[in-house]
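Right, one structure below, let's go through it.
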Amino acid sequence: MALEASRVQPSTASEGRSEVAAVFADEVAFRAWYEHSLPRVYTYLFHRCGRDPELAEELAQQAFVEAVRSRARFRGQSDAITWVVGIARNKLVDHFRRVERDQRRQAVLVSDFRLAASAVVPRQR
């Protein structure tokens, strides 16, 4: 295959879309591209998620799955790895938003519980 597996950076957007489509269509080319791209995506996430290797791995996996699902939307205006890192960044933002939302919900539940517990008047016998 004419496409160098380690780098998908064409001269035009049209060529970029074609070359990425070829990588995603060929299992061997995809595996080579994935193995080359994974360390960059993982490292990006690792340094931004509190150096949590499990979280970085999970988010990297989600980013590549999303890249495969949305490969038709790749416009070829950037390197394919840059595109996947962008997807990974969005997955990271989503993760932190979800964590923050869950913490707010838990704080409300704890507050409501304390309020309800303080409102209970013990029965006198």
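The values are calculated or read from the model by the stated rules, or taken from the named source; none is laboratory data. What you see is a predicted model; the values in this text were computed from it and never measured. Here the Cβ positions follow ideal geometry from the backbone for every residue, glycine too, while neighbour counts run over all protein chains shown.
Confirm whether ARG31 is of a type in the set (Lys, Arg), touching a helix residue (DSSP H, G or I) at 6+ places or on another chain (Cβ under 6 Å) and at pLDDT 95 or above.
Considered against the rule, which asks whether it is of a type in the set (Lys, Arg), touching a helix residue (DSSP H, G or I) at 6+ places or on another chain (Cβ under 6 Å) and at pLDDT 95 or above, ARG31 comes out as no.
VAL84 fails exactly one of the following numbered conditions: (1) more than 13 Å from the chain's Cα centre (by Cα); (2) part of a helix (DSSP H, G or I). What is the number of that condition?
Here VAL84 clears every test but (1).
Is it the case that ALA107 is surrounded by 15 or more Cβ atoms within 10 Å (Cβ to Cβ), of a type in the set (Gly, Ala, Ser) and part of a helix (DSSP H, G or I)?
No; evaluated as a whole, the condition is false for this residue.
Considering each of ALA22, ALA5 in turn, give the residue that is assigned to a helix (DSSP H, G or I) and either at pLDDT 95 or above or not hydroxyl-bearing (Ser, Thr, Tyr) (or both).
Checking each option against the conditions leaves just ALA22.
What pairs can you find where one residue is in segment 36-52 and more than 16 Å from GLY86 (Cβ to Cβ), the other is modelled with pLDDT under 95 and among the hydrophobic types (A, V, I, L, M, F, W, C), and their Cβ atoms are less than 7 Å apart, with a gap of 6+ or different chains?
HIS36/ALA5
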